[in-house]
1. Any residue that is within 7 Å of chain A (Cβ to nearest Cβ), modelled with pLDDT under 95 and touching a His at 6+ places or on another chain (Cβ under 6 Å) - is there at least one of those in the range B:72-88?
2. Identify all residues within the range A:495-512 that are free of Cβ contacts under 8 Å to residues at least 60 places away in the same chain and either buried (at least 17 other Cβ atoms within 10 Å of the Cβ) or at the interface with chain B (Cβ under 7 Å from one of its Cβ atoms) (or both); write none if there are none.
3. Take residue B:278 and tell me if it is among the aliphatic types (A, V, I, L, M), touching a residue at least 60 places away in the same chain (Cβ under 8 Å) and in contact with a Lys or Arg (Cβ under 6 Å, 6 or more places away or on another chain).
4. Hey, can you tell me all the residues within the range A:458-484 that are hydrophobic (A, V, I, L, M, F, W, C), outside any helix (DSSP H, G or I) and more than 18 Å from residue A:282 (Cα to Cα)?
5. In this structure, does residue B:137 turn out to be touching a residue at least 60 places away in the same chain (Cβ under 8 Å), at negative phi and either assigned to a loop (DSSP other than H, G, I, E, B) or of a type in the set (Gly, Ala, Ser) (or both)?
6. Before we move on, is residue B:95 more than 7 Å from chain A (Cβ to nearest Cβ), at pLDDT below 90 and assigned to a helix (DSSP H, G or I)?
7. From the list A:421, A:409, A:427, A:414, which one is in the same structural domain as residue A:252 (by TED's automatic domain parsing), under 22 Å from residue A:334 (Cβ atoms), touching a Leu at 6+ places or on another chain (Cβ under 8 Å) and at pLDDT below 90?
Amino acid sequence: MTRLAYGSVILFGIAAAGLGGYGVAGGAGTLRLTWLVPLGGIELTLDPLGGLFLALIGLAVVPASVYALGYPDGDTGRFAYFVFVASMCVVPLAANTMTFLIAWELMSLASYFLVLRDRESRESIRAAWVYAVMTHAGLACLLAGMLLLGADVGSPRFADWRAAASALAPTTRDAAFVLLALGFAGKAGVIPLHVWLPLAHPAAPSHVSALMSGVMIKLGIYGLLRVSLDWLGVGPPWWGAALLIAGAASSVIGVLYALVEHDLKRLLAFHSIENIGIILLGIGSAALYRVAGLDALALLGLIAALYHTVNHAAFKALLFLGAGAVVHATGTRNMEAMGGLIKRMPWTAACFLIGSAAIAALPPLNGFVSEWLTFLALFQNMRLESVGQNLVFTLGIASLALTGGLAMACFVKAFGITFLALPRSDAAAGAHEASPPMRLAMLALAAACVALGLGPTLVVPVFGAVAAAVLRTAPQATGGDWLTLRVSGEFASLSTAAIAVVLAASFLVPLAALRLVGASRRTRGYETWGCGRIVQTARMEYTATAFANPFKRVFDFFYRPTKRLDIEFHPESRFFVERIEYENPTRSIFDDWLYRPALDLLHAGARAVGALQSGSANQYLAYILVALLLMLVLA
Amino acid sequence: MIAGIALAIVQVVIVGAGAPLLVGALRTLKARLVGRRGPSPWQPYADFRKLLAKEAVVSTTTSWVFRATPYILVATLLVTALVVPVVTVRPPLTFAGNIILLVYLFMLGTFFLALAGLDAGSAFGGMGSSREVAVAALAEPTVIVAVFALALRADTIDLGRIVERFGGEPWLAANPAHLLAFAAFFIVMLAETGRLPVDNPATHLELTMIHEAMVLEYSGRHLALVEWASAMKLFLFMTLLANLFVPWGLTEPSGPVAVLRGLLALTGKLALLTIAVAVLETAVAKLRLFRVPELLAGSFALAFLSLMAVFLVR
């Protein structure tokens, strides 16, 4: 039964990918079922941008479902999983408000049930609750924005909005942009609307986490693309600037939180926030260039954003699947209890290493290519006249550079503490390799990371065509031959294939050189040097907490760490310590300064309004009468 | 094509063979400055010979990551040597990604070296790794931002063309953006190559060390490779600083004469820079470890200001 369920989802994914690929290639089609629901009925349209996201969903669903076949408790939540996948596939095809909102809400509900898989655990219930609140706050924004636009244009169809966009009043357009962008940014996990993401992603089973982080939040990006570049036409510059600043903040803050996080899946969830930020840097620059009439640069920014969207889906799904294998093998998500897994799970370790290198943007893998493109898109802001906009771009460049360094540091920790050295617990010592379907899924995604890294010359023209269709210009941002990708004419070029070949050749140089100079080839295995101690144990290893400590100290204004140290001494003598308890937690500025005051305000407001609720039916009848009179007077 | 490959080989040989001499000369100079005779500048080559003759002792705790890292590290630096304009303004691999590639290649090396530091499971290695990535995470972005500030004013991100542009129009260098970028880059060079006041290359004292702690577990040929890589990194950073901010003497690779002239210019510039670094290292004390990130954050801020200055002063 499980096999049948996931097998059919795999076929569904392949079909979705095929249909999406047809859309990317320029195929178009419309499906209309007006009788099914009111307000315009169901209407689906395939266009290049929708096709790209549909193909992405399809391609991510296949490995996730293969993985689920080998996942030990993959047989719970099959129905919710199917609804989740199907509704995600409808979102990028939806062509009117009704269709879009139905699919969007189904996707949110299905993922809510998947997050709430473990109904006994308080953590899981809280995660699902925060997720439900945030996602519905976002839905309320979307609903308001879409109704506003629909009423103003006089049609719920997106195609009509597109046609009428330039004639709309600026205040209506701005209001619609703010509402829709807030709704979509909440789903994408943009700072400061990210609070649900590090709670909900770890709580779901790993193949679902991979889909939530890999593709579901990308539908937020899809929405942001539609809002900022498509439905509302060419907006004022502050739209792009706002997106760029949000991207800069999300990328740096996301990676800073990830650095001090030692729950493996939460760490990955924080990195999703970071990568969404990087994608937004591309979208924001595209919007700003487009306002200034620099179409080729706008294309480049959009290509960078789309490329990073696809790349992030590949490596983040890979990392979540790897983390799932580790969590299943050790029974914990706490990195401090792991270690030494590279010897017990060599396949998972190798795949996780590729994913780590890719997300840290190390050449020649895929993360490097899209960050390179993003850098170039940001960098060419010297073609803009406005100094204010230049400074916003400068902020983007600085934050992208900082993010790269910090992400590298974070994945040294994530891979090093989890997989290297000695196991830190019995569970880690007794870990076992993942089952064959799980390995197959991870290997496929690792291969995708390598292929997307080595083949930008083949992939970029495809994104170029999609971006050109969105911006309605001719594809002209990039060129080059099979080996070298040229950007903005002769301005810059990239060849990851050449890098890979030269790196491989250079790898042989030290091998050959050692042989040539007649170096000793003897190797002796011995224990790790330890200042004369007798035996090495895992307690002597560096911990994840210690590893992250330099960062905690550098960025203490952001983390605001508190320290608590309890030492219990032996009753006889203070020279014998019985127990030491040390805690060094960080505090979230968003919880303390944004959500806590907002919730307090909400409670205070509710209490104030609560005075109206006396419980007496007569009083309620009086309210109705007063309200009726007021309405008659006002109307 | 043939000329390109020949130039690539020349460049790799200059960097690979010259790097130990640079380290040796720096040590000799430092010794002389404090009144010691010190070892000969050729001492690092003798050290390599000794290390290569010894057997390698590898901890049984480690995995393949530990054994592969020295080779990966050397490979990344050899590729980097092809991206930096060393003796001509047309480095052979410049088409493959330029300054961004350069920085991320350094990061690739740091990534594996830091993993190897964790692999042996001793507290030393972990401590070194943690500190090294903390330094690298703040230093490497600074390189990108500082070089971008130069690139914006030269209107190209091609390192060779930046050198060419500033070599042709030296008055461009008299600009606040340029000076800020220089200050930022200089601090980063010291940090990235483990010099004073960030790290002390001459000590194995566990409380202060960064890089040396991370590679503590290496021995024999592995240690030789790691040390060679460190020397190449120092060489490349100093070359980059010298050629970007003192852009004279480099031309297009029109023939052996041009390459030779570039080599002579580079030798002169590196000699001056070596004296400067040696004097600096003799004059300053090592910073407390947790002051180091503040210094680096300061250099990142300088680079950021430099980038902003490009727009504000244009």
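1. So far as the range B:72-88 goes, no, none of its residues is within 7 Å of chain A (Cβ to nearest Cβ), modelled with pLDDT under 95 and touching a His at 6+ places or on another chain (Cβ under 6 Å).
2. Of all residues in the range A:495-512, those free of Cβ contacts under 8 Å to residues at least 60 places away in the same chain come to A:495, A:498, A:501-502, A:504-512.
Answer for the range A:495-512, where residues must be free of Cβ contacts under 8 Å to residues at least 60 places away in the same chain and either buried (at least 17 other Cβ atoms within 10 Å of the Cβ) or at the interface with chain B (Cβ under 7 Å from one of its Cβ atoms) (or both): A:495, A:498, A:502, A:506, A:507, A:509, A:510, A:511.
3. Details: among the aliphatic types (A, V, I, L, M): yes; touching a residue at least 60 places away in the same chain (Cβ under 8 Å): yes; in contact with a Lys or Arg (Cβ under 6 Å, 6 or more places away or on another chain): yes.
So residue B:278 fits the description; yes.
4. Within the range A:458-484, the subset hydrophobic (A, V, I, L, M, F, W, C) is A:458-460, A:462-463, A:465-471, A:474, A:477, A:482-483.
Among the residues that remain, those that are also outside any helix (DSSP H, G or I) are: A:474, A:477, A:482-483.
Correct list: A:474, A:482, A:483.
5. Working: touching a residue at least 60 places away in the same chain (Cβ under 8 Å): no; at negative phi: yes; either assigned to a loop (DSSP other than H, G, I, E, B) or of a type in the set (Gly, Ala, Ser) (or both): yes.
Answer is no for this residue.
6. Details: more than 7 Å from chain A (Cβ to nearest Cβ): no; at pLDDT below 90: yes; assigned to a helix (DSSP H, G or I): yes.
Taking the combined requirement at face value, the residue does not satisfy it.
7. Working: A:409 fails: at pLDDT below 90; A:427 fails: touching a Leu at 6+ places or on another chain (Cβ under 8 Å); A:414 fails: at pLDDT below 90.
Being in the same structural domain as residue A:252 (by TED's automatic domain parsing), under 22 Å from residue A:334 (Cβ atoms), touching a Leu at 6+ places or on another chain (Cβ under 8 Å) and at pLDDT below 90 holds for just one of A:421, A:409, A:427, A:414, which is A:421.
Residue-by-condition table, conditions (1) modelled with pLDDT under 85; (2) of a type in the set (S, T, N, Q):
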site: A:520; (1), (2): yes, yes
site: A:536; (1), (2): yes, yes
site: A:575; (1), (2): yes, no
site: A:595; (1), (2): no, no
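The values are calculated or read from the model by the stated rules, or taken from the named source; none is laboratory data. All of these numbers come straight from a predicted model, not from anything done at the bench. When we count neighbours, we look across all protein chains shown, and the Cβ atoms used for this are built from the backbone with ideal geometry, even at glycine.
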